[in-house]
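A.B. asks: Before I ask anything, let me first share the structure, which is written out below as structure tokens.
The values are calculated or read from the model by the stated rules, or taken from the named source; none is laboratory data. Since the model is a prediction, treat every value here as computed from it, not as a measurement. We place every Cβ from the backbone using ideal geometry, glycine too, and count neighbours over all the protein chains shown. Side chains included, ligands, DNA and RNA excluded: accessible areas come from the protein's heavy atoms. Shrake-Rupley method; radii C 1.70, N 1.55, O 1.52, S 1.80 Å.
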Amino acid sequence: EDDFELAAPIQCTGDVTCANDDAFVANLLGGVIENNVTANDVASEGFTLSITRIDTDNDGVFVEVPNTGLIFIGDREDGTQDGELRLFPNGTLLFDPSKKPDTPQPTASPS
């Protein structure tokens, strides 16, 4: 199976703003895929939703989401890892199936 699924369960935070669950399926043989995890959420009028902190492994410890994006490696149903997920504060989620967890990736653009 070459599909990858991301599920991001989120709970509502009060009566005015509500974040809804997100799930995406991506083909690992395709190119970079872009989605937005705040697109189906509700903010009170005049407010823009942003992601500032996230609990990356459901242990109650939150980490900051930098402007450059927070990187995750995708977990497959068979227990292997594949592809890179990058979540940005504006809700943009990029999935790059070409980046493998066992392959060193450049941290800066070549000169």
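A.B. asks: Could you sort the peptides 86-92, 73-79, 44-50 by per-residue average Cβ neighbour count (10 Å cutoff), highest mean leading?
C.D. replies: Final packing ranking: 86-92, 73-79, 44-50.
A.B. asks: Another question, then. Return the whole-Å distance between the Cα centroid of the stretch 74-95 and the Cα centroid of the stretch 38-67.
C.D. replies: If you average the Cα positions of each part, the centres end up 16 Å apart.
A.B. asks: Heavy atoms only, 1.4 Å probe, whole protein assembly: order VAL61, VAL37 by accessible area, highest first.
C.D. replies: Numbers: VAL61 85, VAL37 15 Å².
Accessible-area ranking of VAL61, VAL37, largest first: VAL61, VAL37.
A.B. asks: At a Förster distance of 35 Å, what's the computed FRET efficiency of LEU29 paired with PHE62, Cβ-Cβ distance as r, to 0.05? Could the numbers behind the result be given before it?
C.D. replies: Values: r = 34 Å, r/R0 = 0.97.
Step by step, r from the Cβ atoms, then E = 0.55.
A.B. asks: Further question: Suppose R0 equals 30 Å. What FRET efficiency, 1/(1 + (r/R0)^6) with r the Cβ-Cβ distance, do ASN20 and ILE71 give to the nearest 0.05?
C.D. replies: Plugging the Cβ-Cβ distance into 1/(1 + (r/R0)^6) gives 0.80.
A.B. asks: Extension gain THR80-SER50, at 0.36 nm per residue separation less the Cα-Cα distance, in nm?
C.D. replies: Working it through step by step, the gained length comes to 7.7 nm.
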